[in-house]
1. Charges on Cβ only, +1 for Lys and Arg, -1 for Asp and Glu, centred on the Cα centroid of the chain; of Leu239, Val92, Ile343, which one is farthest towards the dipole's positive end?
2. Could you give the angle, 0 to 90 degrees to the nearest 10, between helix 385-405's Cα long axis and the longest principal axis of the Cα atoms of the chain?
3. Within straight cross-link reach of Lys150, meaning Cα distance under 28 Å, which lysines are found once same-chain residues fewer than 8 apart are removed?
4. Please give the FRET efficiency for Val359 paired with Leu188, using the beta carbon to beta carbon distance and R0 = 41 Å, rounded to the nearest 0.05.
5. Run lengths n ≥ 4 of DSSP H only: what is the helix-derived mean residue ellipticity at 222 nm for the chain, with -39500 (n - 2.57) per run over all residues, to the nearest 500?
6. Rounded to the nearest 10 degrees, what's the angle between the helix 142-155 long axis and the longest principal axis of the chain, both from Cα atoms, 0 to 90?
7. Using a Gaussian network model of the chain whose springs link C-alpha atoms within less than 10 Å, name the residue from Ile337, Ile35, Ile90 with the highest mean-square fluctuation.
8. Gain in length, Glu280 to Phe350, computed as 0.36 nm per residue apart minus the alpha-carbon separation, to one decimal in nm?
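The numbers here are math on the coordinates, done by the rules we state, and not lab data. Just so we're clear, the structure is a prediction, and the values are computed from it rather than from any experiment. Glycine gets a Cβ as well: all are built from the backbone with ideal geometry, and neighbour counts include every protein chain shown.
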Amino acid sequence: MTFQIRDLSATRKECTIDYSKSDLQNKFKAKLNAIKGQVQLAGFRKGKAPISLVEEKHGPLIIQELLDEKIQSCWTEVCKDQKVLERPEITVVPLINKLSDIQSDVSITLGFDVIPQFDLIEPQKLIKTLNIELAKPIAITQESKDSYRKVLELQCSKDEVVARPAAVGDKLEINVLYTETGKTENDLELVLDATQTQQEFIDAVLGMSAGESRSFTYTPESYDPSEESSVSKEVAKSLAVTVTVNSVHAMVPPTLDQLCAFVRDLNGATGENGEEKLNEWIESTILELNSQQAFRINEKKLTNAVAEHYSFEIPSVHTREMSFDTAEKKEAVFRAIRMNYIIGAYSELFDIQPSHEDVDFFAKIFAQDMGLPLQYLSQILQSNKKVQQRFQDSVVEKSVIKYLLEGTTMKTATVAAPAAIEAGHDHTNCTHEHHHHDHENCTHNH
């Protein structure tokens, strides 16, 4: 088999196949003669049509078949030695459709992308090499338990409409008009509690009554000037809004039995009601939330450090259909793609398999990212194959991250306590972006 492979770049290769004039002519004639006796053309008995008419009708198909056979044979050999990402882009020179077109050797070019090559850092040396200071879960305090209990009480409280100015602990139904864009969001619910986020916004609406409107400017707490990706170009640092209160609701706190029942349903817990059991559930949940918080922070630190360390070329198959508004957005996507390759390489090299406990842990994080109650996740995974695949990819990715994070015992730093912990939900941002491509299509230029 005569073919040559040359590198166009670190991730792009070109295979050139030489099909000699004599070989192609002989095979063409052999195939033409083989089908001649089976062809029936209008005005002729079966197998009696002139060879010139048979060639005119079937010549292009014979040429295509011969080229495909040659390409497939060579491509099988190429794939044995190359880690190809897609089927090749094929170019044939010169273009031929019949025997008389074969006046010289034919050159077939296969262009294809390959998996980028890079040297992996040993897992035991990764944290030290990249100088990552790992976070550890914050300790459980009485203050955090009290704060979490307030969140639980708010979530299972009932409310009643009251005709008075809004006070701390009340729930408001509001409409918000964004001054700059003119966009309106109606019938939003807002609990006026110190454990909630957007405290600047809450302070601005305290004391408002039903039917009252108030205009003010506030800074969304999601804005982080150090991270371009944390806020879109359309959202300013400060937002000017006009808030109209539709109704004020006083919250009626739950009884101990109602609160215990709510926690059991929320966490799938078992046991009798009572303060002791409730405190046990609360401590267990906070410990888990703090562990998730620490994992997310370390995951972000690790992925940022790894993506910064590696700068290998991205195969064009991932980006040829993309366009980028800014160089920053392009680099963010490239870093995410590189991280996917690195995760895959570690997973393949070390055959990392998550434990049942790990899968449960990752499932809770996945449910939070999806905005789903944990008790509904299993139902959705059974009925939605796309979500199931996303979950499987997430487990693989996070298993590798956990493996790399635990590959060494380095110095650790305590995670700063979050402003609020919502029951069963963590709003820490995840920086991973996954890019899935369908490589089944092959472009032929004959």
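1. Among Leu239, Val92, Ile343, the one farthest towards the positive end of the dipole of the chain is Val92.
2. Taking Cα atoms only, the helix is inclined about 80 degrees.
3. Leaving aside lysines fewer than 8 places away in the same chain, those within reach of Lys150 are Lys136, Lys158, Lys171, Lys277, Lys364.
4. On the way: r = 36 Å, r/R0 = 0.87.
Plugging the Cβ-Cβ distance into 1/(1 + (r/R0)^6) gives 0.70.
5. Values: 11 runs with 192 residues, N = 446.
Calculated mean residue ellipticity at 222 nm is -14500 deg cm²/dmol.
6. On a 0 to 90 degree scale, this one is about 80.
7. Among Ile337, Ile35, Ile90, the largest GNM mean-square fluctuation belongs to Ile35.
8. Working: separation 70, 0.36 × 70 = 25.20 nm, distance 3.79 nm.
Answer, rounded to one decimal: 21.4 nm.
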